[in-house]
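K.L.:
Input: one structure, supplied below.
The values are calculated or read from the model by the stated rules, or taken from the named source; none is laboratory data. In this text, all values refer to a predicted model and were calculated from it rather than measured experimentally. Note that we place each Cβ from the backbone using ideal geometry, even for glycine, and neighbour counts take in every protein chain shown. Just the protein is used for accessible areas: all its heavy atoms, side chains included, with ligands, DNA and RNA removed. Shrake-Rupley method; radii C 1.70, N 1.55, O 1.52, S 1.80 Å.
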Amino acid sequence: MVITQEQIDYCMECGVCTGSCPISRMMSNFSPRQMIKRTLMDRDETVLHCHELWSCLTCARCSVRCPAAIDFPEFVRQHREGARKEGNLPQLAHHGTLQAIAALQARNIKQRRTEWAVDAGRFASSGDIFFFIGCAPYFEVVLKPGVGSGEVPRSVLKLLNRMGIEPVISNDERCCGHDALWSGDEEMFRRLNRWNLEVIRGSGAKTVLFSCPEGYTVFKQHMPKVFGELPFEVLHVTEFLARELPGAGITFKPYQENGSGGVTYQDPCRLGRQAGIFDPPRELIGLVPEIPFVEMPRNRENSACCGTTAWMECSSCSKALQLERLQEAQDAGAGTIITACPKCRIHLTCAEQNTEYSLHITDIYAFLLKQME
Amino acid sequence: MVEETWKVLRLLGVDERYLRLKWVSASEGNVFAKEVRDFTELLRKLGRNPLAESGGNVLEPVDSATA
Ligand code: SF4
Ligand code: SF4
């Protein structure tokens, strides 16, 4: 990523990013503009040693507003590579278990990551549609119960089956390397995905579906930069369903509100701001008759991050952001928050436990499945 | 914690018997010795931990036929 002199000149007069950043609001010493200035104007190499490099959520709230088109998340990602080499490392959540599991997937192992699917539905070992399940089976084991990690792939498989689709799922699938990539370990990302590419190629699939926005953006945006054009179509499940469900002869039960309040949608950073997918999930929710849909004030491009990325730096700042989001949903009259990201669901559910909030937090797949006739 | 680790090992395709948890009282020296002897024997039979093996354990591009 090259930042031109013109961009730098503009940047030094600006500050839109710092004003937009949720972390800057919570941590007064965190300023994306200052980090750019220190690196590019002052040639101050201590940026590689500063902890703020790890505090950024890479949520892109700043970069979608930047008038000089500076991609701050990408700036952070690249400097994390350097920081890692200097021994400046992030604080890992869950004792680093999830990073360890991702790294172990880069070994020659024979996984059993699809065992859950035997009871959940029908699937195939080759065919046109490959469902990339992501790391949810591992999340389900490692994270505390009740955060709903395992429900995402189960619901997607059931939905696809209802539409007459038996997707390919594979034990040979590996972690998509999203977190490694965003934690400054591009080598790990490459190693995992060289393998994933071969596994998908071997299945003969023409379309690959992702329920996780992270895997989706990795395949859609980062893989082509490294591996060239991919030999299959990459779709997020919400895009696929918005395209295919209306014609699939499936009807939905009217929503029973029964005093439970409105239904709102949380735009995941990866799916929304990064990939520009705002409408398909809303269209899908709108398929349910009598749905009392409400938007939160911060929605679409202005949506709020769920508080942590890449299983690191989960702090009081994350909790504050999450609780603020729950309050925002409640104030908008919502009793239910629907997300399209397993991690948004996990983080918001975790934050809600042991608080006075009683919002129902779910994902769009479980929600649609429940509403099907 | 141990139960979750067994489940993770299972997902990773590693024999769960590599990880064992037993409660033995300090007064039961013979029980402890037997347990360690049995476990050592089992580990010998199972061979080296596939995750810890050095060399050849890193993922290289696969032949799609074997994937
Ligand atoms: S919004 Fe863009 S131009 Fe403005 S200070 Fe931030 S990075 Fe610089
Ligand atoms: S990506 Fe998000 S957290 Fe990072 S500086 Fe931009 S707005 Fe702040």
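K.L.:
Give the lysines whose C-alpha is closer than 24 Å to that of B:Lys34, dropping any in the same chain fewer than 8 places away, or say none.
P.N.:
Straight-distance partners of B:Lys34: B:Lys22, B:Lys45.
K.L.:
Classify chain A as rounded, prolate or oblate from the Cα gyration tensor: take a ≥ b ≥ c as the square roots of its eigenvalues, call it rounded if a/c is under 1.5, otherwise prolate when a/b beats b/c and oblate if not. Working shown, then result.
P.N.:
Working: a/c = 1.74, a/b = 1.26, b/c = 1.37.
Since a/c reaches 1.5 but b/c is at least a/b, the shape of chain A is classed as oblate.
K.L.:
Measure out, as a whole number of angstrom, how far apart the alpha-carbon centroids of region A:195-226 and region A:74-108 sit.
P.N.:
21
K.L.:
I want to check the label-to-label distance for A:Lys110 and A:Asn29. Put each point 7 Å from Cα in the C-beta direction and report it in nm to one decimal.
P.N.:
5.2
K.L.:
Classify region A:232-373: rounded, prolate or oblate, from the alpha-carbon gyration tensor (a ≥ b ≥ c, eigenvalue square roots; a/c under 1.5 rounded; otherwise prolate if a/b is larger than b/c)?
P.N.:
Since a/c reaches 1.5 but b/c is at least a/b, the shape of region A:232-373 is classed as oblate.
K.L.:
Would you jot down the residues in region A:138-167 that end up with at least 30 Å² less accessible area in the complete protein assembly than in the chain alone, with a 1.4 Å probe?
P.N.:
Output list: A:Tyr138, A:Val141.
K.L.:
At a 1.4 Å probe, what is the % contribution of carbon and sulfur to the accessible area of region A:5-85?
P.N.:
50
K.L.:
Note down the nm distance, to one decimal, between modelled labels 7 Å out along Cα→Cβ at A:Ala248 and at B:Ala26.
P.N.:
6.2
K.L.:
Can you give the mean number of other chain Cβ atoms that lie within 10 Å of the Cβ atoms in peptide A:100-111?
P.N.:
On the way: counts 2, 3, 0, 1, 7, 3, 3, 11, 10, 8, 4, 5.
Mean shielding count: 5.
K.L.:
Can I ask one more? What's the average, rounded to a whole number, of partner chain beta-carbon atoms within 10 Å of each residue's beta-carbon in A:190-203?
P.N.:
Details: counts 0, 4, 1, 0, 4, 5, 1, 3, 7, 3, 2, 3, 6, 2.
For peptide A:190-203, the averaged partner shielding equals 3.
K.L.:
Only helices at least 24 Å long along their axis, Cα-based, and averaging 0.5 or more on Kyte-Doolittle count here, so list those DSSP H runs from chain A.
P.N.:
On the way: long enough: A:186-203 (26 Å, -0.92).
Answer set is empty.
K.L.:
Right, next: Go through A:302-308, A:87-93 and give me the packing order, highest mean Cβ count within 10 Å leading.
P.N.:
A:302-308, A:87-93
K.L.:
Based on the alpha-carbon gyration tensor of region A:1-84 and its eigenvalue square roots a ≥ b ≥ c, which shape applies: rounded if a/c is under 1.5, prolate if not and a/b is larger than b/c, or oblate?
P.N.:
Note, shape of region A:1-84 comes out rounded.
K.L.:
Got a sec? What order do A:Asp267, A:Asp42 fall in by accessible area at 1.4 Å, biggest, i.e. largest, first?
P.N.:
A:Asp42, A:Asp267
K.L.:
Then there is this: So for the pair B:Lys45, A:Phe278, with labels modelled 7 Å out along Cα→Cβ, what separation do we get in nm?
P.N.:
Label at B:Lys45, label at A:Phe278, 6.2 nm between them.
K.L.:
Percent antiparallel among DSSP beta bridges with both residues in chain A, to the nearest 5? Provide the component values of the computation, followed by the final result.
P.N.:
Numbers: 3 of 23 bridges.
Given both bridge residues lie in chain A, the antiparallel proportion sits at roughly 15 percent.
K.L.:
Please give me the summed charge of the neighbours of A:Cys50: other residues whose Cβ is under 11 Å from its Cβ, Lys and Arg +1, Asp and Glu -1.
P.N.:
Every neighbour counted, the sum reads -3.
K.L.:
Only residues of region A:221-238 count here: report those whose backbone N is under 17 Å from the spot 7 Å along Cα→Cβ of A:Thr207, or say none.
P.N.:
A:231-238
K.L.:
Filter the cross-link list A:Lys110/B:Lys7; A:Lys220/A:Lys370; A:Lys225/A:Lys343; A:Lys144/A:Lys253; A:Lys37/A:Lys225; A:Lys319/A:Lys370 down to pairs whose alpha-carbon distance in this structure exceeds 22 Å.
P.N.:
Too far apart for the 22 Å limit: A:Lys220/A:Lys370; A:Lys225/A:Lys343; A:Lys144/A:Lys253; A:Lys37/A:Lys225; A:Lys319/A:Lys370.
K.L.:
Now, a different point. Using a cut-off of 20 Å between alpha-carbon atoms, which aspartates and glutamates can reach A:Lys85, once sequence neighbours fewer than 8 places away in the same chain are excluded?
P.N.:
A:Asp44, A:Glu45, A:Glu52, A:Glu74, A:Asp179, A:Asp185, A:Glu186, A:Glu187, A:Glu313
K.L.:
Please give the calculated 222 nm ellipticity per residue for chain A, where each DSSP H segment of at least 4 residues contributes -39500 (n - 2.57) and the sum is spread over every residue; nearest 500 deg cm²/dmol? Walk me through the numbers on the way to the answer.
P.N.:
Numbers: 19 runs with 155 residues, N = 373.
The helix contribution divided over chain A gives -11000 deg cm²/dmol.
K.L.:
Separate question: Can you give the net charge of the other residues whose Cβ lies under 15 Å from the Cβ of A:Ile277, counting K and R as +1 and D and E as -1?
P.N.:
Around A:Ile277, the surrounding residues sum to -2.
K.L.:
Right, another one. I'd like the mean, over residues of B:3-12, of how many other protein chain beta carbons sit within 10 Å of each residue's own Cβ. Let's see the in-between values first.
P.N.:
Working: counts 1, 4, 3, 1, 5, 8, 3, 5, 17, 10.
Rounded to a whole number, the mean comes out at 6.
K.L.:
Let me ask something else about it. Given a 1.4 Å probe and no ligands, DNA or RNA in the count, how much accessible surface is buried by B and A, both sides, to the nearest 100 Å²?
P.N.:
Buried area (both sides, nearest 100 Å²): 2100 Å².
K.L.:
Could you pull the accessible area for A:His94 with a 1.4 Å probe, rounded to 10 Å²?
P.N.:
Counting only protein heavy atoms, the figure is 80 Å².
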